[in-house]
Amino acid sequence: MNAIFLVKFGELSLKKENRSFFEKKLKKNLRQNIEARDAQIKHTNGRIYVETPEENEEQVTQALAHTFGVVGFSRARRVQKNIEIIKKAAKKVIDSLCEEGSIPAGPATFKIEARRTDKSFPLSSYQIACEIGDYLRSEFGMLSVDLHSPDIRMYIEIREEAFIYGNPKKGPAGLPVGSAGKGILMLSGGIDSPIAGHMMAKRGLKLDTVYFHTYPYTSEEALDKVKKLAGIISPYLVGTNLFVVPFTEAQLRINERALPQEVTLLMRAAMVKIAEKIAHRQRAHCLVTGESLSQVASQTLESITFTGSASNMPIFRPLMGLDKEEIIQRAREIGTYETSILPYDDCCTIFTAEHPLLKPKADRMWKAWNTLEIENFLDDAAERAERHYIHPRYR
Amino acid sequence: METIYLDWAATSPMEPDIATQMAQMYVHTYGNPSSAHSIGREAREILEKSRKLCSSLLKVEAEQLVFTSGGTEANTIPLLSLLRKTPTGEIVLSSIEHSAVYELGSLFRNLGYHVKEVSPDTDGIIRPEAVRKKLSPKTIAVAVMHVNNEIGSIQPIQEIAREVRSFENENSCRIHFHCDAVQALAKIPVYPEVLGADSLAFSGHKFRGPKGTGLLYTRKKIIPLSSGGGQEFSMRPGTENIPGIWAFCESLKQRTHQMEKEYSHACELRDTLWEQVKEIEGVEFFPAQRGALDSASELSYSPYIIALSLAPVPGEVCARVLNDRGISIGTGSACSSNREKKRGRVIYSITSDEEIARGIIRISFGPTTTKSDIEAFSYSLKQEIKLLRKTVRHRSL
């Protein structure tokens with residue numbers, strides 16, 4: 001037997017003439033995120049339906065819960081347009097809500113919202129609601145009607161067939177990934193950058209990711225951790241390329257030629273420049289970082305002014321106004337937190353001055369930059385970056 | 001690329017002959033020693049012969065030996081058995097214990113016991129007087145390891161036991177003295193009766209035996225936390241791993257018979273290492289007292305485990321670079337931020353210097369390690385350390 005899901009999308013419907021562009025993107029992303037090849041994704045009358053053999057139900061539920069653009073979705077029952085059959089399906093919907101524990105044990109309230117696009121159906125929407133409501137009350141002693149804030153909202157739609165579903169699950173909302181262009185996310189392995197990626201993907205940005213590997217100063221475990229983080233956010237990004245940039249030679253060059261207190265900022269500028277090179281190659285048009293104002297020395301207004309001037313592309317920093325607790329909260333919700341805090345940070349403390357600059361002057365920093373003569377190192381690092389495709393599908 | 005393995009304190013390769021025979025036993029001698037039929041009896045016979053062999057090697061009664069699943073379990077059984085004895089009391093642990101013992105301290109703390117730590121002197125050795133100072137009539141247990149797994153310092157177990165016993169007599173109290181001897185057995189002479197501890201823990205894979213095998217010596221019968229089928233005199237319930245136990249004992253026999261020869265070999269390797277690395281700028285023995293190579297240091301440190309200090313170069317970085325050259329070494333600590341103190345706990349408790357704790361590498365030998373392995377290691381270290389020091393030194397300019 002097949003499971004059928006009704007997918008609702010919210011903001012897309014505001015896009016007027018562009019709506020079909022967004023809907024097509026969403027359908028394409030669902031196709032990518034849903035692992036089951038035999039799942040059918042249909043797009044009719046402003047709705048997306050996903051139909052799949054029942055054994056794939058969990059996988060499809062996960063995919064829908066991780067695909068931006070999906071505001072809500074319901075596991076629906078599709079039956080013939082016959083009021084007796086519809087009653088039985090409505091009963092099954094209540095049964096499965098009870099089984100899931102998504103309604104309170106004991107007395108519960110409900111409301112039926114019926115819609116009839118097929119006007120040849122003999123009962124009106126109001127009559128359908130009354131008839132099913134009476135039936136459910138007689139079947140379930142604990143149910144009573146509440147039209148304002150019911151525990152269960154049951155939807156009955158009479159279309160080409162009858163669809164019955166209750167209490168839709170929340171999707172991640174936002175816009176379909178890819179509808180707003182493409183960017184490069186600088187992924188460090190810490191708590192912040194995966195969240196920055198998640199937030200920009202939610203606004204429809206397609207993202208590839210870049211990690212700077214300073215082996216042997218950073219470990220293979222740190223790289224594995226970044227791959228794992230990319231894997232966790234990958235369903236939200238509908239898959240991503242992770243570029244692992246061999247950064248050691250550039251780092252050592254900076255270390256050799258720069259003043260200790262300038263090392264971190266020059267390193268950040270070098271990373272921005274390499275990310276920009278990869279962005280050009282990947283036809284991406286912006287960079288995304290997990291910076292948050294004044295969180296560390298390299299994220300003061302003056303520091304960001306300097307590192308930001310290393311690229312002509314817009315740099316999005318969606319965490320700018322969030323404090324650490326808020327970022328941690330989001331990381332817990334998305335599921336990256338536990339991986340982000342694994343202790344394989346790196347030994348980059350040996351490259352960090354005890355007192356780094358807090359208020360660098362951009363012109364002085366660019367003078368220091370010029371003494372590095374580092375362009376060839378950056379080209380080489382971008383050139384040798386290793387690409388790993390991180391699959392979007394939910395395992 | 002040929003690999004040079006210098007991390008024997010982490011684990012050692014099994015003796016090939018013993019490994020082969022053990023594998024065959026898993027197929028052919030599969031009986032459960034508790035079964036009454038002949039296949040079970042055959043297994044029982046191997047078990048008891050093995051126990052007897054160990055008892056003669058360690059010069060103890062067979063009933064005092066309990067086979068376990070490894071060093072950690074052998075450490076855990078006697079210490080957790082205290083929970084059955086008394087709901088309160090004080091426990092004294094050395095601050096350089098392996099986490100198998102050290103983490104039990106946190107457990108006891110959470111259960112309301114008072115846990116005191118004894119720190120070593122700067123030479124990495126726990127003084128009996130320091131242990132004595134921590135004892136009180138409320139003390140129910142003391143745990144001090146024999147050979148430290150990170151720096152090779154040998155603790156004066158016999159003297160510590162003597163202090164504990166004299167405190168017991170003076171205060172009419174009873175203290176369980178446990179010793180984790182995982183890095184000592186088969187490397188230096190270990191005779192429980194001489195050492196005077198109430199219980200000792202051993203592990204098979206540290207001396208070319210199989211992983212998943214261990215041994216507990218207990219002077220008197222203890223009542224463990226776990227209960228079950230009554231195996232191992234009811235001290236370690238669970239079906240015995242007969243091929244593993246057999247291989248543990250065979251390996252112990254081989255090592256014990258060759259102990260003197262292998263010990264001298266390890267001393268030669270240590271001397272070669274020292275000759276080679278003392279020329280390298282920025283590399284020192286840790287603790288520094290070891291560098292004297294006099295008779296006192298000879299007795300105080302195991303020649304099988306040598307810690308080198310590279311500070312300010314992180315040991316972890318050096319280990320990676322050498323790994324790329326095909327040389328496997330251990331690190332005293334890792335550079336990882338949140339667990340930094342925990343993972344560098346032992347060295348940190350000796351030096352109280354994070355940079356030094358981060359900058360330790362551990363070289364440990366076995367019977368098949370050769371002089372040319374040491375030379376190759378020293379050569380690579382010399383080459384790599386130059387660049388690493390340049391990188392790190394820059395920071396403090």
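Go ahead and collect, in residue order, the members of the range A:159-174 whose backbone nitrogen is under 18 Å from a label point 7 Å along the Cα-Cβ direction of A:SER96.
A:159, A:161-171
Inverting the mean 1/r over all pairs of different Cα atoms, compute the Kirkwood radius of the range A:2-170 and quote it in Å.
After inverting the pairwise mean of 1/r, the radius is 16.8 Å.
Charges only on Cβ, +1 for Lys and Arg, -1 for Asp and Glu: so what's the dipole of the protein assembly as shown about the Cα centre, in debye to the nearest 20?
2560 debye
Taking the 0 to 90 degree range and rounding to the nearest ten, how far is the long axis of helix B:259-277 tilted relative to the main principal axis of chain B, both from C-alpha atoms?
20 degrees
At a 10 angstrom cut-off on C-beta neighbours, averaged per residue, how do the peptides B:146-155, B:93-102 rank from highest to lowest?
In descending order of packing, they fall as B:146-155, B:93-102.
Among A:ILE34, A:ILE132, A:ILE254, whose mean-square fluctuation peaks in a Gaussian network model of chain A (Cα, cutoff 10 Å)?
A:ILE132
With 26 Å as the limit, write out which pairs from B:LYS220/B:LYS253; A:LYS8/A:LYS119; A:LYS206/A:LYS273; A:LYS227/A:LYS359; B:LYS116/B:LYS187; A:LYS324/B:LYS390 have Cα-Cα distances beyond it, or answer none.
A:LYS227/A:LYS359; B:LYS116/B:LYS187; A:LYS324/B:LYS390
For chain A, what does -39500 (n - 2.57) per DSSP helix run (n ≥ 4), summed and divided by total residues, give at 222 nm, in deg cm²/dmol to the nearest 500?
It comes out at -12500 deg cm²/dmol, rounded to the nearest 500.
Taking the Cα centre of chain A as origin, sum charge times position over the Cβ atoms of Lys and Arg (+1) and Asp and Glu (-1), and report the length of that vector in debye to the nearest 20.
1560 debye
For chain B, find the longest principal axis of its Cα atoms and tell me its angle to the long axis of helix B:16-28, 0 to 90°, nearest 10.
Approximately 30 degrees, to the nearest 10.
Straight distance only, please: which lysines reach the Cα of B:LYS386 with their own Cα at less than 28 Å, same-chain residues fewer than 8 apart left out?
B:LYS278, B:LYS341, B:LYS371
Pull out the extension gain between A:ALA105 and A:LYS169, defined as 0.36 nm times the separation in residues minus the alpha carbon to alpha carbon distance; nm, one decimal.
So the chain would gain 21.1 nm between A:ALA105 and A:LYS169.
Ballpark to the nearest 100 Å², how much total accessible area do A and B bury together, probe 1.4 Å?
Counting both chains, the buried surface is close to 1700 Å².
Note down the nm distance, to one decimal, between modelled labels 7 Å out along Cα→Cβ at A:ARG387 and at B:VAL194.
6.7 nm
For chain B, just run the numbers: alpha carbon Rg, then divide by 2.2 N^0.38 Å, N being how many residues it has.
Cα-based Rg divided by the globular estimate yields 1.01.
Is the range B:6-139 best put as rounded, prolate or oblate by its Cα gyration tensor, with a ≥ b ≥ c the root eigenvalues, rounded for a/c under 1.5, and otherwise prolate when a/b is larger than b/c, oblate when not?
prolate
Specify the residue with the greatest mean-square fluctuation among A:SER340, A:SER149, A:SER311, computed from a Gaussian network of chain A linking alpha-carbon atoms under 10 Å apart.
Sorting by GNM fluctuation, first place goes to A:SER149.
Rounded to the nearest 500 deg cm²/dmol, what is the calculated helix-only ellipticity per residue at 222 nm for chain B, with -39500 (n - 2.57) per DSSP H run of length n ≥ 4?
-14000 deg cm²/dmol
Strictly over 29 Å apart at the Cα level, which of A:LYS25/A:LYS169; B:LYS134/B:LYS221; A:LYS202/A:LYS277; A:LYS367/B:LYS382; A:LYS27/A:LYS169; A:LYS228/A:LYS367 would you flag in this model?
Beyond 29 Å between Cα atoms: A:LYS367/B:LYS382; A:LYS228/A:LYS367.
For a test of the definition: using alpha carbon positions, the gyration tensor, and the 1.5 limit on a/c, classify the range A:182-390 as rounded, prolate or oblate.
Here the range A:182-390 falls in the rounded category.
Based only on Cα atoms, what Rg/Rh ratio does chain A have, Rh being taken as Kirkwood's radius?
Value, to two decimals: 1.10.
Which stretch or stretches of the range B:229-256 have amide N atoms under 16 Å from the point lying 7 Å from B:VAL27's Cα along the Cα→Cβ direction?
B:243
For chain B, which whole-number percentage of the solvent-accessible area (1.4 Å probe, protein heavy atoms only) is attributable to carbon and sulfur atoms?
Carbon with sulfur: 51 percent of the solvent-accessible area.
What are the ³J(HN,Hα) values, in whole Hz, obtained from phi via the Karplus relation 6.51 cos²θ - 1.76 cosθ + 1.60 with θ = phi - 60°, for each residue of the range A:187-200 in sequence order, with x given for Gly and Pro?
So the Karplus estimates, Gly and Pro as x, are 9, 9, x, x, 7, 6, 4, x, 6, 4, x, 4, 5, 6 Hz.
Mind listing the phi-derived Karplus ³J(HN,Hα) values for the range A:298-306, rounded to whole Hz, using 6.51, -1.76 and 1.60 with θ = phi - 60°, and x for any glycine or proline?
Coupling constants for the range A:298-306: 7, 10, 6, 4, 5, 5, 5, 4, 5 Hz.
If each of A:ARG137 and A:ASP323 carries a label point 7 Å out from its Cα toward its Cβ, how far apart are those two points in nm?
5.1 nm
Measure nothing but the geometry: give the 0 to 90° angle between the long axis through the Cα atoms of B:315-324 and the longest principal axis through the Cα atoms of chain B, rounded to 10°.
Approximately 90 degrees, to the nearest 10.
Quick one: what does P(r) look like for the protein assembly as shown with 10 Å bins over all Cα pairs, in whole %?
2, 11, 16, 16, 16, 16, 13, 7, 2, 0, 0
What's the extension gain from B:THR20 to B:LYS49 if we count 0.36 nm per residue and subtract their Cα-Cα distance?
Gain on stretching B:THR20 to B:LYS49: 8.5 nm.
Compute, for the range A:2-170, the length of the dipole vector about the Cα centre, with Cβ point charges of +1 (Lys, Arg) and -1 (Asp, Glu) only. Units Debye, rounded to 20.
The calculated dipole for the range A:2-170 is roughly 820 debye.
Report, by chain and number, residues whose modeled amide H sits under 5 Å from the one on A:PHE212, excluding near sequence neighbours (fewer than 5 apart, same chain).
A:VAL245
The values are calculated or read from the model by the stated rules, or taken from the named source; none is laboratory data. Computed from a predicted structure; not experimentally measured. We place every Cβ from the backbone using ideal geometry, glycine too, and count neighbours over all the protein chains shown. In case anyone asks, the SASA skips ligands and DNA or RNA and just uses the protein heavy atoms, side chains included. Shrake-Rupley method; radii C 1.70, N 1.55, O 1.52, S 1.80 Å.
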